[in-house]
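S.K.: Dropping the structure in here first, questions after.
The values are calculated or read from the model by the stated rules, or taken from the named source; none is laboratory data. Computed from a predicted model, the values in this text were never measured in an experiment. Note that we place each Cβ from the backbone using ideal geometry, even for glycine, and neighbour counts take in every protein chain shown.
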Ligand code: SF4
Ligand code: SF4
């Protein structure tokens, strides 16, 4: 007996990607646990990792989702699109502009939100293994429905990134680097990703995922660059664990070999048994026949990269704010917005930043009215910090 439903759609059977996205959503819409028309705030969360089209969700997927919402009579005033790229040197807005997503928002009157531009919300994750306290973007906390738009890619550290891992972007800014440090090896990092996903499962019940398997990044160098293979598929569903399991099954790879999926299965954060997943659209066997094997990094490689990331790289890459005293007007607004109370401010003096308390959310930078704060990487000094 099935307990969740996933659609699998062949893009080649449709005029274009937008049309295939519409079909993928329509196939499962009668089972949504929510109604779009009752929502005041719908957040579309693509993957905007870097200004490289292969690393991001294809904007045509976003357009397909917008077309679906319009078809349902949803006002675009109630729709927002946003992400936080994390360690990239570019902001979500810069990435959005370079891949054409920003134009799409402008054309449709949709607000684009850089998660770093809002003061993040501190949350406790019940039952967490590693990430017991977190910060999530305010729009993620506030929205009524999330439409998750991941892209299937290999990942040198996490083995693969997809439906579950795409929620890593709900953690704003450089704070992601700090949370990376909780994962000293591939297994531990998998627990951290599963912790973050468990917050989503417990706090955001109204979710739809439309999964970009049209052109899939393969090989050892994901998630920013790698060999691209055309799978010509779109998946849609409301259970990200089931979606990741099905996506990997199509690629002839077992989800249990991916640390964060293994952890999500163990914690029962969704449906993982293929016998309990009903597939609509083309069959799993048809999908498997039309796709190549999904090649992922070896365990040895993910262990090595995780060790480097969890112990060294992210200490160096963590971004902290640096004040430009020529521009600072000593207004004190940065100290008021800092969620970690890492900024001391006294009237008529420059604010003082504590790198020990700073959680690298960078919202002081976004909200400084005089643009007097820039992000800098901690560099080698970061190695001296004890997390
Ligand atoms: S908000 Fe900007 S201008 Fe105001 S005190 Fe902070 S750094 Fe200076
Ligand atoms: S000082 Fe650090 S924690 Fe505080 S707002 Fe700035 S980046 Fe965020």
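S.K.: Residue under question is residue 286, and the condition is that it be closer than 29 Å to residue 257 by Cα and either within 9 Å of ligand 2 (Cβ to nearest atom) or at pLDDT 90 or above (or both); does it hold?
M.R.: Details: closer than 29 Å to residue 257 by Cα: yes; either within 9 Å of ligand 2 (Cβ to nearest atom) or at pLDDT 90 or above (or both): yes.
Considered against the rule, which asks whether it is closer than 29 Å to residue 257 by Cα and either within 9 Å of ligand 2 (Cβ to nearest atom) or at pLDDT 90 or above (or both), residue 286 comes out as yes.
S.K.: Cβ contacts < 9 Å: first residue more than 17 Å from residue 118 (Cβ to Cβ) and in a strand (DSSP E or B), restricted to the stretch 363-380; second residue more than 9 Å from ligand 2 (Cβ to nearest atom) and modelled with pLDDT of 90 or more, any location; separation 6+ or different chain. Result?
M.R.: Matching pairs, first to second residue: 374/322; 374/323; 374/324; 376/322.
S.K.: How about the stretch 36-60: which of its residues are at pLDDT below 90 and out of contact with any helix residue (DSSP H, G or I) (no Cβ under 7 Å at 6 or more places or on another chain)?
M.R.: Within the stretch 36-60, 52, 54, 55 qualify.
S.K.: Please go through (1) closer than 29 Å to residue 202 by Cα; (2) outside any loop (DSSP other than H, G, I, E, B) for residue 107 and return the number of the only condition it doesn't satisfy.
M.R.: Condition not satisfied by residue 107: (1).
S.K.: Which one is farthest from residue 143 (Cα to Cα), of the residues in the stretch 20-33 that are in contact (Cβ under 8 Å) with a residue 40 or more places away in the chain and loosely packed, with under 14 Cβ neighbours inside 10 Å?
M.R.: Looking at residues that are in contact (Cβ under 8 Å) with a residue 40 or more places away in the chain and loosely packed, with under 14 Cβ neighbours inside 10 Å, I get 31.
S.K.: If you take the residues of the stretch 189-242 that are assigned to a loop (DSSP other than H, G, I, E, B) and surrounded by 19 or more Cβ atoms within 10 Å (Cβ to Cβ), which of them is modelled with the lowest pLDDT?
M.R.: Here the answer is 222.
S.K.: Within the stretch 272-292, track down each residue that is assigned to a loop (DSSP other than H, G, I, E, B), in contact with a strand residue (DSSP E or B) (Cβ under 9 Å, 6 or more places away or on another chain) and surrounded by 14 or more Cβ atoms within 10 Å (Cβ to Cβ). Walk me through it before giving the result.
M.R.: Taking the stretch 272-292 as the starting set, the residues that turn out to be assigned to a loop (DSSP other than H, G, I, E, B) are 272-273, 282-283, 290-292.
Checking the rest, the ones that are also in contact with a strand residue (DSSP E or B) (Cβ under 9 Å, 6 or more places away or on another chain) come to 282-283, 290-292.
Within the stretch 272-292, 282, 290, 291 qualify.
S.K.: From the residues in the stretch 329-353 that are more than 7 Å from ligand 1 (Cβ to nearest atom) and at positive phi, which one is surrounded by the most Cβ atoms within 10 Å (Cβ to Cβ)?
M.R.: The selected residue is 341.
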